[in-house]
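The structure appears below as structure tokens.
Each value in this text was obtained by applying a stated rule to the coordinates, not by laboratory testing. All values derive from a computational prediction rather than experimental measurement. Neighbour counts run over all protein chains shown; Cβ positions are idealised from the backbone, glycine included.
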Amino acid sequence: MSKIVIISEKAEVLTSLEAKLVLLRENDSVVKCNTAEMYKRSSTCDIILFHTDKIDDITLTAISNLKKPNNALILISDEMDSKSLLNAYDTGATDFCPTSVTNFELLIKIINAKKTLKYAKTIERYKKQLRDKGVMKQNSDIYTHINEVVNANFYAEILNATVLAIRIEDNTDIEHRLQTLLRASDFIINYDDFKYLLILPDTELKNGERVFEKLNKRLGADIKGILFKYNEESAKELQSKIKRLEIQQEENKLPLLLDEKNELEETESDWLNDEKTESRNFKLFQNIYNNKSENVIEPAFYRTKQKYEKNFQNTKIKYYTDKNRAEFLLINFDRTNSFQIVYKNSAKVGIKMQYSGLDAPENETFELPFSKLNIRGLCDLLERFINIGAK
């Protein structure tokens with residue numbers, strides 16, 4: 001259910017915009033008001049359609065006051081130019097359109113706004129889950145990049161990753177110093193006072209030991225570490241595990257303790273032999289792929305189609321997606337070029353670029369992990385596919 005508010009000083013614009021809200025659900029609601037009532041009326045709304053004659057300082061102030069993390073604001077203006085629109089975006093506007101917008105154009109704007117809100121709510125849900133696990137402080141600066149973490153599918157990324165829990169007595173600017181020493185793909189979790197969980201994806205335990213040695217040498221502080229594999233423990237299990245390993249560490253007076261139960265690396269074939277684990281991880285991967293299909297693949301396909309379909313007079317651009325496959329097609333008479341994304345029940349997807357009438361070197365087949373599958377990267381791949389196919 002969506003709550004939409006239309007704000008304008010002109011009664012005819014309020015009526016016109018309401019009439020253009022086609023294909024709304026039965027339980028969607030629409031409220032109309034002028035600027036005198038806009039704060040009161042918009043407080044419980046998901047989507048704000050804010051109309052103005054022109055984008056000036058008063059408009060920008062209103063946008064900044066109306067836009068909240070839990071709503072989307074579509075700016076509708078009689079007059080607009082690139083500079084004022086950029087100012088509106090900087091102030092918080094989600095999207096824009098002219099007052100003469102057609103009903104279906106406005107519908108697309110609202111659908112995109114709903115997707116933006118869904119993504120923002122997903123981020124907040126992941127934040128809450130991290131806090132509930134006891135691994136994230138409410139206002140920890142280290143998580144200003146939480147959007148990127150969520151976009152990388154945090155839980156899929158750390159599944160079976162190596163975790164290095166470290167305790168540091170010197171806490172001076174430690175988070176920044178850790179970031180400069182670790183890879184961009186590593187995650188730093190503020191687990192407790194003077195304690196951090198360093199998530200090291202695609203890292204063997206023996207290499208985790210080298211990371212500890214590097215930190216111990218470069219930080220110049222008294223640090224102790226615990227090294228283990230993350231296997232989807234619950235919050236309670238994770239806390240108990242770390243506590244147990246800390247006790248063992250203190251008893252043995254070791255700077256680094258390796259969890260003996262996880263000393264041997266698990267291969268993909270090892271964990272697939274466990275039916276319970278197989279079912280659980282397959283479900284996780286399928287859910288991630290479904291989210292990627294809805295929030296990454298389809299938007300990237302649609303955006304690329306819109307960009308190029310008018311450039312090729314004799315070429316049709318089509319695409320489709322289902323639960324296991326997505327395909328982007330360039331169809332020209334008897335020749336069809338195909339860009340395929342194939343999901344195979346794992347944390348990766350297969351990419352196939354196939355060109356009709358071209359030699360094998362032009363065709364490409366490779367794999368891409370979920371964490372690397374984002375709209376910008378996929379659009380770049382599609383552009384490369386189109387540019388090669390258009391030669």
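Below is a table of values for the structure above.
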{"read-out": "Residues 218, 41, sorted so that the one with the fewest Cβ neighbours within 10 Å comes first", "value": "218, 41"}
{"read-out": "Rounded if a/c under 1.5, otherwise prolate or oblate - the stretch 3-124, Cα gyration tensor axes", "value": "rounded"}
{"read-out": "Distance from the stretch 330-355 to the stretch 362-391 (C-alpha centre basis), Å", "value": "10 Å"}
{"read-out": "Inter-label distance, nm, simple model (7 Å from Cα along the C-beta direction), residue 21/residue 325", "value": "4.1 nm"}
{"read-out": "Violating pairs (Cα-Cα greater than 24 angstrom) within the set 118/316; 3/372; 115/344; 310/372; 3/305; 323/372", "value": "118/316; 3/372; 115/344; 310/372; 3/305"}
{"read-out": "Full-extension gain in nm, residue 307 to residue 254, via 0.36 nm per residue minus C-alpha separation", "value": "13.1 nm"}
{"read-out": "Likely footprinting exposure, 114, 323, fewest C-beta neighbours within 10 Å first", "value": "323, 114"}
{"read-out": "Extended-chain gain in nm, criterion 0.36 nm per residue less alpha-carbon gap, residue 122 and residue 354", "value": "80.1 nm"}
